[in-house]
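First comes the structure, then the notes that go with it.
The values are calculated or read from the model by the stated rules, or taken from the named source; none is laboratory data. Keep in mind that what you see is a predicted model, and the values were worked out from it rather than measured. With ideal geometry, Cβ positions are generated from the backbone for all residues, glycine too; neighbour counts draw on all protein chains shown.
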Amino acid sequence: MTAETVTPTAPADERVAAKSRMAKLLGRPEIGALVGAVALFAFFSVVAPVFLQPGSIATVLYGASTIGIMAVGVSLLMIGGEFDLSTGVAVISSALMASLFSWYFSMNVWVGVALALVLSLTVGFINGWILVKTKLPSFIVTLATFLMLTGLNLGLTRAIGGSVSSPSISDMDGFDSAKAVFASSLTLGGVEVRITVFIWIALVAVASWILLRTRVGNWIFASGGDAYAARAVGVPVVKTKIGLFMGVGFCAWILGMHNLFAFSTVQSGEGIGNEFLYIIAAVIGGCLLTGGYGSAIGGAIGAFIFGMANKGIVYAEWNPDWFKFFLGLMLLLATMVNMVVKRRAEQS
Amino acid sequence: MDSTKSQAGGGADTAPPPHLLRLDKVGKHYGNVIALHDVTMDVEAGRVTCVLGDNGAGKSTLIKIIAGLHPHDEGTFTALGEERRFTSPRSALDLGIAAVYQDLAVVSLMPVWRNFFLGSELTTGSGPFRRLDVARMKEITKRELQEMGIDLRDVEQPVGQLSGGERQCVAIARAVYFGAKVLILDEPTAALGVKQSGVVLRYILQARDRGLGVVFITHNPHHAYPVGDRFLLLKRGRSIGYYKKSDVTLDQLTAQMAGGAELEELAQELEAMGSHSEVVAEVEAEVGATLRD
């Protein structure tokens with residue numbers, strides 16, 4: 001084998017080296033998204049100068065963070081080879097759990113917050129457990145969870161609170177402290193930045209650390225890349241996958257608590273369709289639908305692109321009706337770029 | 001491993017080395033399909049046991065039992081002196097039984113070093129700061145592969161970029177490094193060209209000389225005979241012969257595997273179709289070898 005690598009003449013060797021450097025750069029999962037994000041940022045800076053004002057950037061970041069927090073869990077799950085269609089309504093389920101429980105029993109809202117966390121982790125666990133036990137595709141399992149949670153959200157909210165939205169909990173014990181944790185703003189250089197932006201950045205940092213620098217991270221890549229091979233070398237694939245679904249549950253809890261304490265009431269029919277936004281952010285960020293490849297930072301860039309496009313259209317004073325069209329186009333382009341990247345990584 | 005190293009070198013039949021694995025009348029069925037029945041074989045330190053058979057002969061089932069992917073349901077399976085019935089690959093791995101599979105030895109999108117340590121990652125620090133010892137893992141991977149004769153420019157490149165032979169060798173080097181006592185190789189040469197096959201066969205001998213018991217599964221007697229010490233022949237889930245190297249020739253192995261009568265039929269068929277005379281002569285020679293048995 002050494003003979004094979006030596007035989008080419010010197011100039012040929014140089015070409016090989018140059019190509020592999022290029023492949024290495026293109027091999028980064030988030031490179032496509034990064035180029036897209038920079039292009040989009042430059043574009044909106046030119047067509048809508050107001051876009052560059054600190055206040056606008058804070059607004060864009062807030063929009064991005066509400067997608068990005070979920071995209072962290074969803075990205076890791078997709079790298080682990082699965083995806084989750086129940087995330088959009090799971091966020092609302094978590095918020096409803098906290099608000100309805102606290103309201104019905106007139107308890108400190110923090111009790112509801114804790115129970116909501118238990119519920120969110122349990123939903124994640126059940127998703128993962130059914131998936132590994134039945135070996136059904138995650139599309140079917142989480143579609144079922146999505147429908148069931150949608151029904152439960154509407155049915156229980158009306159049964160307990162008597163309305164389609166949960167009763168306001170703004171005057172209850174513990175509301176102010178919970179709002180400070182989940183839905184406050186911090187002033188940074190004269191600009192109000194929502195706390196979700198910082199939570200989002202912290203989650204991305206922790207997820208990147210787990211993914212790249214811990215054993216669990218190695219297992220996530222392996223479970224998604226080739227679950228059979230991973231199991232054969234002793235990776236606990238079942239635990240890894242269940243854990244990833246629970247991680248998504250944790251993110252849904254954080255976002256659910258933000259929604260609840262930002263508005264003090266929750267619409268029980270909300271959240272439907274948001275699961276696709278999280279998946280889109282992860283895919284634009286370079287996570288492969290088939291698993292085994294991607295990054296947490298990629299998902300964050302995907303969410304940032306979403307935030308920029310969403311608010312940028314408003315700042316540019318365009319008709320926001322066109323937004324979904326551009327989102328679809330970006331998704332298509334991103335997946336095509338990812339396909340090329342994967343092929344290069346596998347065999348270049 | 002040190003105790004077995006002294007017996008390395010193969011060859012000499014004096015003072016039989018200890019059995020690492022012994023299968024006695026082992027069988028396995030999936031529902032009402034009998035995948036394996038009444039198979040007896042053993043694996044010794046510093047020896048290569050070859051398992052030969054055509055497609056569907058039960059070779060894969062046999063390794064799945066030894067590697068702990070599926071438990072057997074007939075006969076006894078002894079590993080390191082104790083009767084066992086593995087329920088997961090982890091329990092086999094903990095005993096030092098490592099399998100290298102034909103196409104799922106590695107996760108192709110992951111870097112070489114991550115694959116090398118997959119499932120047995122080295123860490124440093126403690127508590128929430130326990131993290132992968134990336135530098136050490138990369139260094140060990142590079143060194144171990146170099147000892148196997150593979151010089152990689154970059155252990156960060158995805159395994160999918162390596163050639164088939166190199167990928168097999170990464171998996172073999174990994175098993176050897178993690179103190180495997182028994183190395184199971186599932187058709188390591190099946191998808192390789194002549195040169196790459198030769199490289200893999202050399203690593204089999206290297207693993208043997210390090211004192212490992214090697215189980216080499218293949219359908220190619222020409223690959224098995226030069227490196228093997230014992231030969232188990234499987235056909236349709238049953239054992240049709242278990243030989244020491246001294247008791248069997250390459251021609252006999254080939255003939256037994258193909259089945260004399262079937263070969264004769266094939267020769268006639270080829271002749272009837274007006275096939276090239278050299279091919280027919282070759283098949284007829286094989287038939288002759290069978291009849292001499």
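A few remarks follow.
Residues checked against (1) among the polar types (S, T, N, Q); (2) more than 14 Å from every other protein chain (Cβ to nearest Cβ); (3) part of a helix (DSSP H, G or I):
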residue: A:Leu154; (1), (2), (3): no, yes, yes
residue: A:Arg158; (1), (2), (3): no, yes, yes
residue: A:Asp171; (1), (2), (3): no, yes, no
residue: A:Glu192; (1), (2), (3): no, yes, no
residue: A:Leu211; (1), (2), (3): no, no, yes
residue: A:Ile220; (1), (2), (3): no, no, yes
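- When the residues of region B:199-257 are filtered to those that are part of a strand (DSSP E or B) and among the polar types (S, T, N, Q), the one that is farthest from B:Ile184 (Cα to Cα) is B:Ser239.
- Region A:228-287 - residue that is more than 24 Å from A:Gly36 (Cβ to Cβ) and among the charged types (D, E, K, R) and, of those, surrounded by the most Cβ atoms within 10 Å (Cβ to Cβ): A:Lys241
- Residues being within 14 Å of another protein chain (Cβ to nearest Cβ) and buried (at least 22 other Cβ atoms within 10 Å of the Cβ) - total across region B:66-75: 3
- Only listed residue being touching a residue at least 60 places away in the same chain (Cβ under 8 Å) and within 14 Å of chain B (Cβ to nearest Cβ), chosen from A:Asn338, A:Asn274, A:Asn259, A:Asn310: A:Asn338
- Annotation: B:Pro188 fulfils all but one of (1) of a type outside the set (Phe, Trp, Tyr); (2) surrounded by fewer than 23 Cβ atoms within 10 Å (Cβ to Cβ); (3) modelled with pLDDT under 85; the unmet one is (2).
- Lone qualifier among A:Gly124, A:Gly128, A:Gly189, A:Gly161 - being surrounded by 13 or more Cβ atoms within 10 Å (Cβ to Cβ), at pLDDT below 95 and not β-branched (Val, Ile, Thr): A:Gly161
- Odd one out for B:Gly165 among (1) more than 10 Å from chain A (Cβ to nearest Cβ); (2) under 23 Å from the mean Cα position of the chain (by Cα): (1)
- Matching option when the condition is more than 7 Å from every other protein chain (Cβ to nearest Cβ), on the phi < 0 side of the Ramachandran plot and surrounded by fewer than 19 Cβ atoms within 10 Å (Cβ to Cβ), among B:Val134, B:Val176, B:Val112: B:Val134
- Failed criterion for A:Val35 (all others in (1) modelled with pLDDT under 90; (2) exposed (fewer than 15 other Cβ atoms within 10 Å of the Cβ); (3) under 26 Å from A:Thr187 (Cα atoms) hold): (3)
- If you go through region B:143-153 and pick out every residue that is at pLDDT 80 or above and within 8 Å of chain A (Cβ to nearest Cβ), you end up with 0.
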